[in-house]
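Have a look at the structure that comes next, please.
The values are calculated or read from the model by the stated rules, or taken from the named source; none is laboratory data. Just so it is clear, the structure is predicted and the values come from calculations on it, not from any experiment. Cβ placement follows ideal geometry from the backbone for every residue including glycine, while neighbour counts extend to all protein chains displayed.
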Amino acid sequence: MMNPAHPLPPARRPLPRLLPRPWRHRQRGAGAAEFVIVAPALLALTLAMLQTGLAFHARSIVNYASFEAARAGSIANAGLASMRLAFARAMTPYYGGGRNLAELADAFAAAQIDLVAALRIEIVSPTRESFDDYHSLAAARRLQTTARVIPSAQPGVLGCPADRANCNADPASNRSGQTLADANLLKLRVTWGLPPAKQVPLAGRFFTWALRMLDPGDDDAFRRGLVEAGRIPMVSQVTLRMQSDAIENEAMRPRSAGSATPPAADSTPLPGCPPTAPLCTPEPATADTAPEAADPTGEDGTPAGDGSGSDGEPGPGTDSGDETEDAEDAEDAEDAEEEPEC
């Protein structure tokens, strides 16, 4: 029985609808419309990010392959065939690699076939003008070649080849703008095209289209041909010291085509030869290096060589430590004369 002191609460009425039911039905599908607008832009951005990552991965492999090509050229007289072979060998993992000799051989063959039209190696240094300044006939006879040769023996010590002592080794006035040591630096500029098979769909085409639009008047026919073939050009530069005599070939560029600039007349010279080098011989002592004659008189005008005063006692200009200092100065002067000067 209901207690009259505690009646039941009245039933709650439902809240009125904020919007009528027909208007709620009209909001369905708004998310699909937004997705249709945003999805293409988001997809293009994602593909571009993937393509950029693949391009950086390929660029790191090209840098390594360029370094291997420079190493091969430094010990093979800057031979173009040796450098192209070393580049293809280093690019073998990018073209498939393998887990056995047969798979590696197939990947290496695929790399060589693709690199025939997709690779260009330019020798920026030494230039053709470098051979005008430092060509050695003796080195050419030793290598049994009719091409011009730049010797690589002790370029930091010798200013000119041994058989051309009267060459113009001044970079401020010679044709190459280089010293013999500069001419023995092998600098390569490697251009390679990323093949379409290694590109992200749609994003790779957008990259090549952007390259054509941004640089329509590219004067480099090889790079322009890569873009027209759907490849993304990549350029890598590497510099190494020559370990063999450089022989002139068709890959070497003239000075105007490279990036070398003539140094100033007062440029920093190369460090001198070490004392242990066979060509570093001491020069005879001159008047500038000879020890100075001792002053016959003291500071107060008394004779420094007089060992006694008027009364037979030691004079004020004489001290027991003077003889020790004179002996040490003489030893230092002898050591200075014995040191070789380059």
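Name the residues in segment 85-101 that are closer than 19 Å to Arg59 by Cβ and either buried (at least 18 other Cβ atoms within 10 Å of the Cβ) or without any contact (Cβ under 8 Å) to a residue 12 or more places away in the chain (or both), would you?
If the condition is that a residue be closer than 19 Å to Arg59 by Cβ and either buried (at least 18 other Cβ atoms within 10 Å of the Cβ) or without any contact (Cβ under 8 Å) to a residue 12 or more places away in the chain (or both), then Ala86, Phe87, Ala88, Ala90, Met91, Thr92, Tyr94, Tyr95, Gly97 are the ones that fit.
Being surrounded by fewer than 19 Cβ atoms within 10 Å (Cβ to Cβ) and either in contact (Cβ under 8 Å) with a residue 24 or more places away in the chain or in contact with a Pro (Cβ under 8 Å, 6 or more places away or on another chain) (or both) is the filter; apply it to segment 68-81 and report the residue that is nearest to Gly193 (Cα to Cα).
Leu80
Out of (1) over 30 Å from His135 (Cα atoms); (2) touching a residue at least 12 places away in the same chain (Cβ under 8 Å), what's the single condition that is false for Ser60?
The failed condition is (2).
Now a separate question. Could we say that Arg120 is modelled with pLDDT under 95 and among the charged types (D, E, K, R) here?
no
Rundown of residues vs (1) in contact with a Phe, Trp or Tyr (Cβ under 9 Å, 6 or more places away or on another chain); (2) over 18 Å from Asn77 (Cβ atoms); (3) buried (at least 21 other Cβ atoms within 10 Å of the Cβ), yes/no style:
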{"residue": "Ala138", "(1), (2), (3)": "no, no, no"}
{"residue": "Leu143", "(1), (2), (3)": "no, no, no"}
{"residue": "Ala147", "(1), (2), (3)": "yes, no, no"}
{"residue": "Pro151", "(1), (2), (3)": "yes, no, yes"}
{"residue": "Leu158", "(1), (2), (3)": "no, yes, no"}
{"residue": "Ala165", "(1), (2), (3)": "no, yes, no"}
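If you go through segment 100-138 one residue at a time, how many are within 14 Å of Gly177 (Cβ to Cβ) and not basic (Lys, Arg)?
Of the residues in that region, 10 qualify.
Answer with yes or no whether Ala165 is within 15 Å of Ser244 (Cβ to Cβ) and either part of a loop (DSSP other than H, G, I, E, B) or of a type in the set (Gly, Ala, Ser) (or both).
It is false that Ala165 is within 15 Å of Ser244 (Cβ to Cβ) and either part of a loop (DSSP other than H, G, I, E, B) or of a type in the set (Gly, Ala, Ser) (or both).
Which condition from (1) of a type outside the set (Ser, Thr, Tyr); (2) more than 25 Å from the chain's Cα centre (by Cα); (3) assigned to a strand (DSSP E or B) is the one that Val124 breaks?
Going through (1) of a type outside the set (Ser, Thr, Tyr); (2) more than 25 Å from the chain's Cα centre (by Cα); (3) assigned to a strand (DSSP E or B) one by one, Val124 breaks only (2).
Further question on the same structure: Which residue pairs have Cβ atoms under 8 Å apart, sit 6 or more places apart or on different chains, and have a first residue in segment 102-117 that is closer than 17 Å to Gly230 by Cα and a second that is at pLDDT 95 or above and part of a helix (DSSP H, G or I)?
Pairs that qualify, where the first residue is closer than 17 Å to Gly230 by Cα and the partner is at pLDDT 95 or above and part of a helix (DSSP H, G or I), are Leu115/Arg84; Leu115/Phe87; Leu115/Ala88.
Would you mention how many residues in segment 136-156 are closer than 15 Å to Met242 by Cα and in a loop (DSSP other than H, G, I, E, B)?
6
Which condition number does Ala110 fail, the rest of (1) surrounded by fewer than 20 Cβ atoms within 10 Å (Cβ to Cβ); (2) under 28 Å from the mean Cα position of the chain (by Cα) being met?
(2)
Would you check if there is a residue in segment 200-209 being within 21 Å of Ser66 (Cα to Cα), among the aromatic types (Phe, Trp, Tyr) and surrounded by 14 or more Cβ atoms within 10 Å (Cβ to Cβ)?
no
Considering only residues that are more than 21 Å from Ile113 (Cβ to Cβ) and either of a type in the set (A, V, I, L, M) or in contact with a His (Cβ under 7 Å, 6 or more places away or on another chain) (or both), which ones fall in segment 62-102?
Result: Ala70, Ile75, Ala76, Ala78.
Inside segment 231-246, can you point out the residues that are aliphatic (A, V, I, L, M) and out of contact with any helix residue (DSSP H, G or I) (no Cβ under 6 Å at 6 or more places or on another chain)?
Of everything in segment 231-246, those that are aliphatic (A, V, I, L, M) and out of contact with any helix residue (DSSP H, G or I) (no Cβ under 6 Å at 6 or more places or on another chain) turn out to be Val235, Ala246.
Here's a follow-up. In segment 183-225, which residue that is outside any loop (DSSP other than H, G, I, E, B), touching a helix residue (DSSP H, G or I) at 6+ places or on another chain (Cβ under 7 Å) and aliphatic (A, V, I, L, M) is farthest from Ile113 (Cα to Cα)?
Filtering first and then ranking leaves Ala183.
Please find, among Glu68, Glu103, the residue that is farther than 20 Å from Pro151 by Cα, assigned to a helix (DSSP H, G or I), acidic (Asp, Glu) and at pLDDT below 95.
Result of the check over Glu68, Glu103: Glu103.
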